[in-house]
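Note sheet for the following structure.
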Amino acid sequence: MSTASIRKALETKLAALSPAVSIAYENFPFAPVNGTPYQECFLLPGQPDNAEMGAKNYLEVGVFQVTLKYPLGNGPAAAQARAELIKAHFKRGTTMVQDGINVIVIRTPSVAGGFPLGDRYCIPVSIYYQAHISL
């Protein structure tokens, strides 16, 4: 259940960002509106870290990937501004609590270069997290 709690914590934090932009959640129906920006989010879990042999605790790590998708042909400024807003919203040390699990942003989020895809200009933002899990 820890993955579901981690996902919910990160998605809830993203949804709280203002100004609001529509979010395409992983494996849920979403119909983009032509000419309107939106963002996609995916949870990319990494290999759990077991710091102690036989311990009932472990560390979940991974990346919360947010890809901004803005209308093509309007320049990068609006998408880049949103990327910087997300970067500040998930600054290093940000802690979210969900179902008793602390999800912590462990590095400053990285903003990749933009690229065109279909009728969209896309900018990926990678948010690195960890969560201590106790069994």
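All of the numbers you see were taken from the coordinates with simple rules; none came from a lab. None of these values were measured; they are calculated from a predicted model. Positions of Cβ are generated from backbone atoms using ideal geometry, with glycine treated the same way; all protein chains shown enter the neighbour counts.
A cut-off under 15 angstrom between Cβ atoms defines the neighbours of Lys69, and their net charge, with Lys, Arg +1 and Asp, Glu -1, is -1. The distance between label points at Val33 and Thr108 comes to 3.4 nm (points 7 Å beyond Cα on the Cα→Cβ vector).
For Lys8 and Ala88, a Förster radius of 30 Å and the Cβ-Cβ distance give a FRET efficiency of 0.85, rounded to the nearest 0.05.
Computed from backbone phi, the HN-Hα couplings of segment 74-85 come to 10, x, x, 4, 5, 5, 5, 4, 5, 4, 5, 5 Hz, rounded to whole numbers (Karplus: 6.51 cos²θ - 1.76 cosθ + 1.60, θ = phi - 60°; Gly and Pro given as x).
Sum up the charges of everything whose Cβ sits under 12 Å from the Cβ of Ile6, counting Lys and Arg as +1 and Asp and Glu as -1, but leave Ile6 out. Counting the neighbours of Ile6, the net charge comes to 0.
Cα extents for the chain along the principal axes, largest to smallest and rounded to whole angstrom: 55, 28, 24.
For Gln98, the residues whose amide H sits under 5 Å from its own are Val103, ignoring neighbours fewer than 5 places away on the same chain, with H placed 1.01 Å from N.
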